[in-house]
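Enquirer: Sending over a structure as structure tokens; questions will come in a sec.
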Amino acid sequence: MTKSDMAAKFAQADAFVAGKKVKIDFGPEGVILLDGVAREVTEADGDADSTVKVSWEDWQALAGGTLNPMTAFMSGKLKVEGDMSVAMQLQSVLGKIGG
């Protein structure tokens, strides 16, 4: 799955954190911005309430259920900047897209 495919899947599933903006930063692969305020998903960089930094490979493992989010965080594979409570709601967002 490409990043664009993932962004489209988020948009189709209406997968947002209500009223919040969450940026998933994949480093060289770019970003996906889940804008729960405007209810849109973009691949444009922008301000966010919470930014999750993770490699594309580790993100795919998280989305596919083969990497535990807490394990990823504790091992440094996933880093969070900004509002941690918003980032923690991403697990339910992942559930909406079915991995």
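The values are calculated or read from the model by the stated rules, or taken from the named source; none is laboratory data. All of these numbers come straight from a predicted model, not from anything done at the bench. All Cβ positions, glycine included, derive from the backbone under ideal geometry; neighbour counts span all protein chains shown. The accessibility values were calculated without ligands, DNA or RNA, using every heavy atom of the protein model including side chains. Shrake-Rupley method; radii C 1.70, N 1.55, O 1.52, S 1.80 Å.
Enquirer: Considering only residues that are among the charged types (D, E, K, R) and touching a residue at least 40 places away in the same chain (Cβ under 8 Å), look in the range 47-99 and name the one that is most open to solvent (accessible area, probe 1.4 Å).
Expert: Of the range 47-99, the ones among the charged types (D, E, K, R) are 47, 49, 53, 57-58, 77, 79, 81, 83, 96.
Add one more test, that the residue is touching a residue at least 40 places away in the same chain (Cβ under 8 Å), and what stays is 83, 96.
On the way: Asp83: 57, Lys96: 111 Å².
The qualifying residue most open to solvent (accessible area, probe 1.4 Å) is Lys96.
Enquirer: Working only within the range 34-82, note down all residues that are in contact with a strand residue (DSSP E or B) (Cβ under 8 Å, 6 or more places away or on another chain), of a type in the set (A, V, I, L, M, F, W, C) and within 15 Å of Asp5 (Cα to Cα).
Expert: At the first step, the residues of the range 34-82 found to be in contact with a strand residue (DSSP E or B) (Cβ under 8 Å, 6 or more places away or on another chain) are 34-37, 41-54, 58-59, 62, 69, 72-73, 77-82.
Still in the running and of a type in the set (A, V, I, L, M, F, W, C): 34, 37, 41, 44, 48, 52, 54, 59, 62, 72-73, 78, 80.
Passing the criteria: Leu34, Val41, Ala44, Trp59.
Enquirer: Give the range 24-46 a look and list any residue that's open to solvent by 30 Å² or more (accessible area, probe 1.4 Å) and not aliphatic (A, V, I, L, M), or say none.
Expert: Asp25, Gly27, Pro28, Glu29, Arg39, Glu40, Thr42, Glu43, Asp45
Enquirer: Sort out which residues of the range 43-67 are in contact with a helix residue (DSSP H, G or I) (Cβ under 8 Å, 6 or more places away or on another chain), over 16 Å from Ala18 (Cα atoms) and of a type in the set (S, T, N, Q), and write them in order of number.
Expert: Across the range 43-67, the qualifying residue is only Ser55.
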